[in-house]
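Below is one structure, written out as structure tokens, with a few remarks after it.
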Ligand SMILES: Cc1cc2nc3c(=O)[nH]c(=O)nc-3n(C[C@H](O)[C@H](O)[C@H](O)COP(=O)(O)OP(=O)(O)OC[C@H]3O[C@@H](n4cnc5c(N)ncnc54)[C@H](O)[C@@H]3O)c2cc1C
Ligand code: FES
């Protein structure tokens, strides 16, 4: 884990409320699918805690994140310009996506697809079969569609209101994939809970989000309960968990 001051290379609006930020990051060989970064994009201690973002892509000396502007921290991030410096803590997360098996189905809900995009490309580079299902409430929420189109991956698109792609949830696709497909998901809690109920007999991995203050296991702000009733820290014991492992 490094605490770095990194330069913004790009901070581009890619959807009505979504930005793609590219950052200098010199240790990309350490970054694996499932890792995340804690970012402070402002001077001083207000807001107090850094904000967590999945590593969506990496190059030799830089990383990309996709983020939705939802509150104060992400609002400040959206104002950053090329050449600005921000504090970045990472790589964070201990339990990451497993890459064993030949067939991998990736289910991304909204901005959750950014938690799966690095996994998708690494699996593809390993010669695995990768299929991505990307869903949002409506067509305006499909801010990573451009990435998906350029990725060369096989994919299906879903919207709740049917304004683009198939009408309904990405979870509708599950019935079309046999139990030999390893399922990886990242998205809103409601989607992950529903997937958990459908995961009987399958290998299903969920990348969780929880309110985080430290990001490295100290503050206990991000705990979820395991099936055995133990407390697990999403940042340190996850963020990726087997579907049967946690109570959501
Ligand atoms: C491991 C992890 C990876 C994430 N990856 C992404 C990503 O790639 N792209 C993206 O857009 N968002 C991602 N999120 C959610 C992102 O961290 C929140 O949207 C962000 O912290 C909101 O900050 P804010 O100040 O704008 O919002 P506010 O609502 O003002 O934030 C207030 C507080 O709530 C916490 N908080 C609010 N929403 C969330 C949330 N969903 N998850 C965790 N903490 C939250 C913040 O840490 C902060 O302390 C991730 C969260 C986690 C835990
Ligand atoms: S965010 Fe502090 S323990 Fe997880």
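The values are calculated or read from the model by the stated rules, or taken from the named source; none is laboratory data. Just so we're clear, the structure is a prediction, and the values are computed from it rather than from any experiment. All Cβ positions, glycine included, derive from the backbone under ideal geometry; neighbour counts span all protein chains shown.
Might you let me know whether segment 53-68 holds any residue that is within 16 Å of ligand 2 (Cβ to nearest atom), closer than 29 Å to residue 139 by Cα and in a strand (DSSP E or B)?
yes
So is residue 179 without any contact (Cβ under 8 Å) to a residue 12 or more places away in the chain, out of contact with any strand residue (DSSP E or B) (no Cβ under 7 Å at 6 or more places or on another chain) and more than 16 Å from ligand 1 (Cβ to nearest atom) or not?
no
More than 12 Å from ligand 1 (Cβ to nearest atom), more than 20 Å from the chain's Cα centre (by Cα) and part of a strand (DSSP E or B): is that true of residue 225 in this structure?
Yes.
Here's a check for you: in segment 130-145, which residue that is in contact with a helix residue (DSSP H, G or I) (Cβ under 7 Å, 6 or more places away or on another chain) and part of a strand (DSSP E or B) is farthest from residue 106 (Cα to Cα)?
136
For segment 194-214: of the residues being in contact with a strand residue (DSSP E or B) (Cβ under 7 Å, 6 or more places away or on another chain) and within 8 Å of ligand 1 (Cβ to nearest atom), which is nearest to residue 52 (Cα to Cα)?
212
Restricting to segment 173-222, what's the tally of residues that are surrounded by fewer than 20 Cβ atoms within 10 Å (Cβ to Cβ) and assigned to a strand (DSSP E or B)?
0
Being within 25 Å of residue 217 (Cβ to Cβ) and surrounded by 15 or more Cβ atoms within 10 Å (Cβ to Cβ) narrows it down to one of 37, 45, so name that one.
Just a single option satisfies the conditions, and that option is 37.
Run residue 38 past the list (1) part of a strand (DSSP E or B); (2) over 20 Å from residue 147 (Cβ atoms); (3) near ligand 1 (Cβ under 8 Å from one of its atoms) and report the number of the one that doesn't hold.
Among (1) part of a strand (DSSP E or B); (2) over 20 Å from residue 147 (Cβ atoms); (3) near ligand 1 (Cβ under 8 Å from one of its atoms), residue 38 violates only (3).
Does at least one position in segment 5-16 carry a residue that is touching a residue at least 40 places away in the same chain (Cβ under 8 Å) and within 10 Å of ligand 1 (Cβ to nearest atom)?
No.
From the list 27, 19, which one is within 20 Å of residue 122 (Cα to Cα) and not assigned by TED's automatic domain parsing to the domain that holds residue 126?
Unique residue meeting the criteria: 27.
Here are 157, 111: which of them is assigned to a strand (DSSP E or B), at pLDDT 95 or above, touching a strand residue (DSSP E or B) at 6+ places or on another chain (Cβ under 7 Å) and not assigned by TED's automatic domain parsing to the domain that holds residue 8?
So the residue among 157, 111 that is assigned to a strand (DSSP E or B), at pLDDT 95 or above, touching a strand residue (DSSP E or B) at 6+ places or on another chain (Cβ under 7 Å) and not assigned by TED's automatic domain parsing to the domain that holds residue 8 is 157.
Could you check segment 81-94 and list, in sequence order, the residues that are outside any strand (DSSP E or B) and within 13 Å of ligand 1 (Cβ to nearest atom)?
93, 94
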